[in-house]
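The values are calculated or read from the model by the stated rules, or taken from the named source; none is laboratory data. Remember, it's a predicted structure, so these values are computed and weren't measured experimentally. Here Cβ is always computed from backbone atoms with ideal geometry, including for glycine, and neighbour counts include all displayed protein chains.
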Amino acid sequence: MWAIAFVLAAFTSACSGSDQGAPLLTTTTNAGVGGQIDLPGFVDPVFEQVDCPEQIARDGLACGLVELLLDRHDVAAGTIDISIATLAGADADGAAVAVLQGGPGGASTDLAAWVPRQPFTQVFIDQRGTGFARIDLDCPEYEEVLPQLLTLARAEVDMASEAALAACAGRLGNEPLLHHADSAHHADDVMTVMLGLGHVDEWYAYGVSYGSTIAIELLRERRPGLSGVVLDGVYPLWLDLDRAVADSAQASIDAVSDACAASVVCSSTTDDFAALLDRTVAQLDARPVMVPVARGDSGFGVDITVRLDGRRLAELTFLLLYSEPNIARLPAAIAGIAAGDAEAAHWLAATGSRTLASSYRANDEGVYFAVQCSERVGRATGLDPVLDGFAGAIVSVPLAQSCTSWPVTPRTTLGSISSSTPVLLLSGSFDPITPPAYAQDVADSLTNSTVVTQVGRSHGIWIGNGCIQGIVAAFVDGDGKTPGTDCADDPVTVDWSEPG
């Protein structure tokens, strides 16, 4: 039924003399497709197949570097490369879906290590400056001090963090890629890769978290062959991050609190989780607790002593809200910490530090600041001075202050989009960073959209749930037509439990 049939074609100029496993999936040979595309500024990308990095290698996965323009609208600016990976779908005649990771600064190819094979072929396209491309916008200066930040008092944390990030910004400041790593360029890269692979008649995009921002940008202008978009954990470009993060985090806590109150098991621990958390933040601000965490538990490979004050409790709780199994343990853990239970404090400190270590290893900070400081700083209005408790502790440094060291030029952020392209928007009720309200806000400007919210889920709901995977597969297989979504009406049960 599809206009394009997949063939497996190795790029022979790149593969000679090397056993690189599965070939990159493309609908063309090395012949360019630029002549088929009526699009100003489009230049055929050049693909080089390479061995997949060991940490993502798996059967059926192929990896490549793609040389493309630094700026599609300025050929004289030269070229860069980005990294990609392809994974064949179970349906060899099915469509191709560009899979876009979050961040900003996350590498989509990291997902390729574990995302299940789907009916459709998946093309994991990295944000420029991430993955295994030749230019890396990571900040090892910051990651080196990260374990130390968990041990320090608030003022010392801010000073050490700012110094490390300033050192990274100084090192990367003259790198042209830093100044061309915004959402519009990421979206152009996605289009260029998909067209360069030959998907000129039909392709789809799936974006999770910040990946949804890139996917939204795909909708802002004509993209040949783009037949539908899936937004999972919708993160619009026009948010005020100084206010939005506190609001979204509090909305997540309120949703968890309501679910806890409705459960006999959870409500026996606390009758109002949101209020309990606010009280515990104030309690630890007045009397911080020092929590030893051994190297095997910390995620950093070193022994640390976490200084659990109110701000750190809020920050670690926020990170744990991304995980549904951790959410199930949070009410009992916070109740235990409030009562002076050392075991509960250790669980939160250890689980939170492991989550922190993992999240920063997965994100390149240079890309994060290139995006936020060029696109979002102009919309940031400063911290809300009246917030206290959990919401008041979750964001402590205004975005404008964080961006002072980064030599990127702020640009006018474009507003909401208008598009008739089919769009499927996915949200979880517990999501701490991209609540369901954001999906509805984006959907309101679209003429062909379907909104799916699943109760009991958190951030990024596509994988790990057969219902949502089926909805996405039906959306792609059905040419973007609205699929049946009734299965998502059933809440996902929260298995409330003690930490441990």
Under the condition of being without any contact (Cβ under 8 Å) to a residue 60 or more places away in the chain and in contact with a helix residue (DSSP H, G or I) (Cβ under 6 Å, 6 or more places away or on another chain), which residue from region 342-353 is surrounded by the most Cβ atoms within 10 Å (Cβ to Cβ)?
G352
Filter region 299-313 for residues that are buried (at least 22 other Cβ atoms within 10 Å of the Cβ), closer than 22 Å to R361 by Cβ and in contact (Cβ under 8 Å) with a residue 60 or more places away in the chain and give the result.
I304, V306, R312
Counting only strands (runs of 3 or more DSSP E) entirely within region 52-131, those with at least 2 residues that are over 21 Å from the mean Cα position of the chain (by Cα), closer than 16 Å to V190 by Cα and of a type outside the set (F, W, Y) are 61-69, 79-87
Being out of contact with any helix residue (DSSP H, G or I) (no Cβ under 7 Å at 6 or more places or on another chain), under 22 Å from V265 (Cβ atoms), touching a residue at least 40 places away in the same chain (Cβ under 8 Å) and of a type in the set (S, T, Y) narrows it down to one of S374, S323, S358, so name that one.
S323
Conditions (1) in the same structural domain as S359 (by TED's automatic domain parsing); (2) surrounded by 20 or more Cβ atoms within 10 Å (Cβ to Cβ); (3) of a type in the set (V, I, T) -> T404 fails only (2)
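So that you can scan it fast, the table gives a plain yes or no per residue for (1) of a type in the set (D, E, K, R); (2) more than 28 Å from D232 (Cα to Cα); (3) modelled with pLDDT of 95 or more:
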position	(1), (2), (3)
D93	yes, no, no
S108	no, no, yes
A112	no, no, yes
P119	no, no, no
G129	no, no, yes
May I ask you to list the residues in region 185-226 that are assigned to a helix (DSSP H, G or I) and either among the acidic types (D, E) or assigned by TED's automatic domain parsing to the domain that holds S374 (or both)?
D188, D189, E217
Condition met for L308 (outside the structural domain of I337 (by TED's automatic domain parsing) and farther than 20 Å from D431 by Cβ):
no
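Here is a yes/no grid of residues against (1) touching a residue at least 60 places away in the same chain (Cβ under 8 Å); (2) surrounded by fewer than 22 Cβ atoms within 10 Å (Cβ to Cβ):
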site: E67; (1), (2): no, yes
site: G106; (1), (2): yes, no
site: T109; (1), (2): no, no
site: V115; (1), (2): yes, yes
site: Q118; (1), (2): yes, no
In region 344-368, anything out of contact with any Leu (no Cβ under 8 Å at 6 or more places or on another chain) and part of a helix (DSSP H, G or I) is listed as A344, H346, W347, A350, R354, S358, R361, Y368
For region 413-422, give me each residue that is touching a Gly at 6+ places or on another chain (Cβ under 7 Å) and under 24 Å from W203 (Cβ atoms).
T421, P422
Looking only at region 399-457, count every residue that is assigned to a loop (DSSP other than H, G, I, E, B) and within 21 Å of D182 (Cα to Cα) and tell me the total.
18
Within region 37-51, restricting to residues that are out of contact with any His (no Cβ under 9 Å at 6 or more places or on another chain), of a type outside the set (V, I, T) and closer than 18 Å to V190 by Cβ, the one that is modelled with the lowest pLDDT is L39
Any residue in region 157-179 that is over 30 Å from A473 (Cβ atoms) and polar (S, T, N, Q)?
yes
Just give me the residues in region 257-280 being of a type in the set (D, E, K, R) and outside any loop (DSSP other than H, G, I, E, B), in sequence order.
D258, D278, R279
Residue check: is S429 of a type in the set (G, A, S) and over 23 Å from the mean Cα position of the chain (by Cα)?
no
Within region 152-173, does at least one residue satisfy the condition of being in contact with a strand residue (DSSP E or B) (Cβ under 9 Å, 6 or more places away or on another chain) and part of a loop (DSSP other than H, G, I, E, B)?
yes
Please specify each residue of region 281-313 satisfying the condition of being farther than 16 Å from T351 by Cβ and part of a helix (DSSP H, G or I).
V281, A282, Q283, L284, D285, A286, G310, R311
Mind listing just one residue for me: the one in region 302-351 that is in contact with an Asp or Glu (Cβ under 8 Å, 6 or more places away or on another chain) and among the basic types (K, R) and, of those, nearest to P499 (Cα to Cα)?
R329
Please find, within region 407-432, the residue that is modelled with the lowest pLDDT out of those that are β-branched (V, I, T) and buried (at least 22 other Cβ atoms within 10 Å of the Cβ).
V408
Filter region 314-341 for residues that are among the β-branched types (V, I, T) and within 22 Å of the chain's Cα centre (by Cα); which is surrounded by the fewest Cβ atoms within 10 Å (Cβ to Cβ)?
I327
Output the residues belonging to region 480-500 that are touching a strand residue (DSSP E or B) at 6+ places or on another chain (Cβ under 8 Å), over 19 Å from A255 (Cβ atoms) and surrounded by 15 or more Cβ atoms within 10 Å (Cβ to Cβ).
G480, P483, T485
Quick one: is F390 under 25 Å from D126 (Cα atoms) and assigned to a helix (DSSP H, G or I)?
no
It is to be established whether one or more residues within region 354-361 are among the hydroxyl-bearing types (S, T, Y), modelled with pLDDT of 95 or more and crowded, with 23+ Cβ neighbours inside 10 Å.
no
